[in-house]
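Before any comments, here is the structure.
No value in this document is a laboratory result; all are computed from the given coordinates. Bear in mind the structure is a predicted one, so any value in this text is a computation, not a measurement. As a convention, Cβ positions derive from the backbone with ideal geometry for all residues, glycine included, and neighbour counts pool all protein chains shown.
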Amino acid sequence: MTARVLVVDDQPANVKLLEAMLNAEYFEVVTASNGEEALAVCARGLCDLVLLDVMMPGMDGLEVCRRLKQNPQTAQLPVIIVTALDQPSDRLRGLEAGADDFLTKPINELALITRVKSLVRLKTLTDQLMVRASASSELGMADPFDGAVASGDHGRILLVEDKPSRRSRIVEGLAEAGHRVDAESDPQEALFRIAEGPYDLVIVSLDLDGFDGLRLCSQIRSLERTRLLPILVVAQADETHRLVRGLDLGVNDYLLAPIDRNEMLARVRTQVRRSRFMERLRDSVHLTMEMAITDGLTGLHNRRYLERHLAGLVDQATQRQRPLSVLLLDIDFFKAVNDTHGHDAGDDVLREFSRRIRRTVRSMDLVCRLGGEEFVVVMPDTDIRIAEVVGERIRERIAAQPFLIEGGEQQLAVTVSIGLSARSGRGDTPETLLRRADEALYRAKREGRNRVAAAVA
């Protein structure tokens, strides 16, 4: 996996060293010697990750990081703080500025490359979701990036730790900060709880008795429901290679024992915030997909969905030599409803019409609104005789009871004309079925409306 990495440092020797390490792993490197240059590069979208030195003249690295994270356009750009300072307070300052990770000079090449690869994977996933979610605004939905920097407070966290003293310190520290924490000592039980519960973050100790903590991390990543759940591991200072392996498996972040409380809270807040942002993106994508195939007024599938799925249903029926019928429905004199009572009343009629259709047909039948007052029902494993019975049942249910409009203050008599066709041979296509149903529909209208007409193959 390659990416474009921005190295920000005012010391040319440091830049050359980092550039050599990254080039050896086929990363493309962009450089900047000060904060203003770095912000300009990021604003133009010319990098996928930032390696940011803290000690720079003018604007220091912490201020650069804060500005990046405060800007919705760059808030999700991964930032690794690089500094010669290695005290917990120094790490905390970087994390509070919004940094995703922290590297201390002299740089360990293995640690650098592993962290970069881990954050690049996350950035790639985020970018994919953001591209898909951006379509939501084009459909008239709320912008998913409006206020995109989500809160990292009051997270729902599962802690997997079998050392009582460490477990109590972590739970108490997180609870005092307002997080809701469930603690579990059994890794397998923890896996069940993770799969069932809506957690923002899971914290896993790597030194579980009789169980490899990395195995649990791998299991979490293998489950569809938890594949994107942030994982923070707790490790000993001498477990560098296990940490590297964990980051390679998809672990998002880590804490070294003994745990500094403030650093823990900062890293947890970052991961909870990221989890909520990713959830927002996924929800936006799902909603966008739903809107793309759903009629917003009636809740039925739309023409796009019908075009995509009718061909498959016809092919399946043909291969299995099973019947398939298509009903084309048109509300009689619907234009007069809009002209006389207004479009709000027309919308009331369309919604109630849709409800009555759905209550009449089977759950396996495909019901779509083509547009306006025209609807389609596709009935697998249904021959034309049964389809006529169903069509007549729909017609009767529509005509039997007046429709309520204008908030229920008025009643309106509504009828429907229905044309139907059925698969007649191997040469049938979605187009021929719909055309025959359309011809039958027009015959029903010519013969007086409020009736069902079947096509002759």
query: To the nearest 0.05, what FRET efficiency results for Lys105 and Gln73 with a Förster distance of 35 Å applied to their C-beta separation?
result: 0.70
- request: Compute the separation of the alpha-carbon centres of segment 25-71 and segment 392-427 and state it in Å as a whole number.
  value: 63 Å
task: Please determine, in degrees from 0 to 90 and to the nearest 10, the orientation of helix 187-196 with respect to the longest principal axis defined by the Cα atoms of the chain, where the helix direction is its Cα long axis.
output: 40 degrees
query: Of Thr74, Leu122, Ala3, which is farthest along the charge dipole of segment 1-133 in the positive direction, counting Lys and Arg as +1 and Asp and Glu as -1 at C-beta?
result: Leu122
message: Viscosity 0.692 mPa s, temperature 37 °C: what is the translational diffusion coefficient of segment 303-454 from Stokes-Einstein with a Kirkwood Rh over Cα pairs, rounded to a whole number of µm²/s?
response: 209 µm²/s
task: Give me the number: length gained by fully extending Ala257 to Glu224, i.e. 0.36 nm times residue separation minus the C-alpha to C-alpha distance, one decimal in nm.
output: 8.8 nm
- line: Asserting the computed 222 nm helical MRE of the chain (DSSP H runs at least 4 long, -39500 (n - 2.57) per run, divided by residue count, to nearest 500) equals -16000 deg cm²/dmol
- line: Charge tally for neighbours of Met264 with beta carbon under 14 Å away, counting Lys, Arg as +1 and Asp, Glu as -1, is 0
task: For segment 299-308, just list the computed ³J(HN,Hα) in residue order, Karplus coefficients 6.51, -1.76 and 1.60, θ = phi - 60°, integers in Hz, with x standing in for Gly and Pro.
output: x, 7, 5, 9, 4, 4, 5, 4, 4, 6
- request: Sort Tyr26, Tyr199 so that the residue with the fewest other Cβ atoms within 10 Å of its own Cβ comes first and the one with the most comes last.
  value: Tyr26, Tyr199
message: Translational diffusion coefficient of segment 176-314 at 25 °C, 0.890 mPa s, Stokes-Einstein with Kirkwood Rh over Cα pairs, in µm²/s as a whole number.
response: 140 µm²/s
- prompt: Length gain on complete extension for the stretch Thr429 to Asn23, per 0.36 nm per residue less the alpha carbon to alpha carbon distance?
  reply: 140.6 nm
task: Let me know the volume per residue of the alpha-carbon convex hull for the chain, in Å³.
output: 203 Å³
message: I need to check one value: relative contact order of segment 1-133, counting alpha carbon pairs closer than 8 Å and at least 6 residues apart, in percent.
response: 23 percent
Debye log10 I(q)/I(0) at q = 0.14, 0.16, 0.17 Å⁻¹ for segment 1-133, Cα point scatterers: -0.55, -0.74, -0.84
query: What angle, in degrees between 0 and 90 and rounded to the nearest 10, separates the Cα long axis of helix 164-176 from the longest principal axis of the Cα atoms of the chain?
result: 70 degrees
